[in-house]
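For reference, the structure discussed in these notes is given below.
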Amino acid sequence: ERSIRFACAAIEFGKALNSKVYSFHAGFLGTPAVSDLGRTWGVTNRVGLEEGSELFTDSVERVNHFARERDVRLLVENNVLTVGTAASNGADVLLMASPAGIRSAMERLPGDVGLLMDVAHLAVSARTLGFDASSCLRDLGPFIGAYHLSDNDGLSDSNEPVRENSWFWDDLDPTVAYVTLEV
């Protein structure tokens, strides 16, 4: 309930600034300490995947209804799963970290909710979970409404600058109009 209230208040604030988009990270299946975010962390209050997915879907639907009434589009950002966090909590502790998890969540959400694809998050999660980030980026293209672009070593989300040879360039959809550099 606090997250829903927060998102709705932020949408109202953004609307006052003429924003047409509001984005947020996908959910966690437990509660990490805020001070641990950005590093290896453990969770409390762990819930199962099905329960967490239902809660997330219901919450996004409620926020999306609020946003839609204000002509604001929601985008949900893929999570980043590090090796340490997976070892401490299991590989399934975050929603929308794996290709199947991203696809499953997006298929459950209302059709006007888009995916904010953070390519640096994807690179770390791909290394942690052993999937091909480029294939995932191409396969999830129909859901992507925006990109966050930065680079890293695949171990942590360090927000390094993009380079001419960054891995993702050939797999980006040039028709996606909303792109943010996160460096």
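Numbers at a glance
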quantity	calculated
Under-5 Å amide H pairs with residue 73, H placed in peptide plane, nonlocal only	21, 22
Residue-count net charge about residue 80 - beta-carbon cut-off 10 Å; Lys, Arg +1, Asp, Glu -1	-3
Amide H contacts under 5 Å for residue 90, placed H, 5+ residues apart	none
Neighbourhood net charge (13 Å Cβ-Cβ; Lys/Arg +1, Asp/Glu -1) for residue 103	0
Relative contact order (%) - the chain, alpha-carbon pairs under 8 angstrom, separation at least six	19
Solvent exposure of the chain as accessible area per residue, Å², 1.4 Å probe	52
Charged-residue dipole, Cβ positions (Lys, Arg, Asp, Glu), the stretch 62-113 about Cα centre, Debye nearest 20	80
Radius 13 Å from Cβ of residue 21, net charge of other residues (Lys, Arg +1; Asp, Glu -1)	+2
Value of [θ]222 nm, deg cm²/dmol, for the chain, DSSP H segments ≥ 4, -39500 (n - 2.57) each, nearest 500	-12000 deg cm²/dmol
Distance between modelled label sites at residue 17 and residue 180, nm, 7 Å Cα→Cβ extension	0.9
Extension gain (nm, one decimal) between residue 24 and residue 61, 0.36 nm per residue minus Cα-Cα	12.0 nm
Ellipsoid equivalent to the chain - semi-axes via the Cα gyration tensor, in Å	24, 21, 15
The chain - percent of accessible surface contributed by carbon and sulfur, probe 1.4 Å	53
Rounded to the nearest 20 debye, dipole of the stretch 133-172 from Cβ charges on Lys, Arg, Asp, Glu	140
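The values are calculated or read from the model by the stated rules, or taken from the named source; none is laboratory data. These numbers come from a predicted model, not from an experiment. A quick note on method: Cβ atoms are made from the backbone with ideal geometry, for glycine too, and the neighbour counts reach across all protein chains shown. Remember, those area values only see protein heavy atoms, side chains included, never the ligands or the DNA or RNA. Shrake-Rupley method; radii C 1.70, N 1.55, O 1.52, S 1.80 Å.
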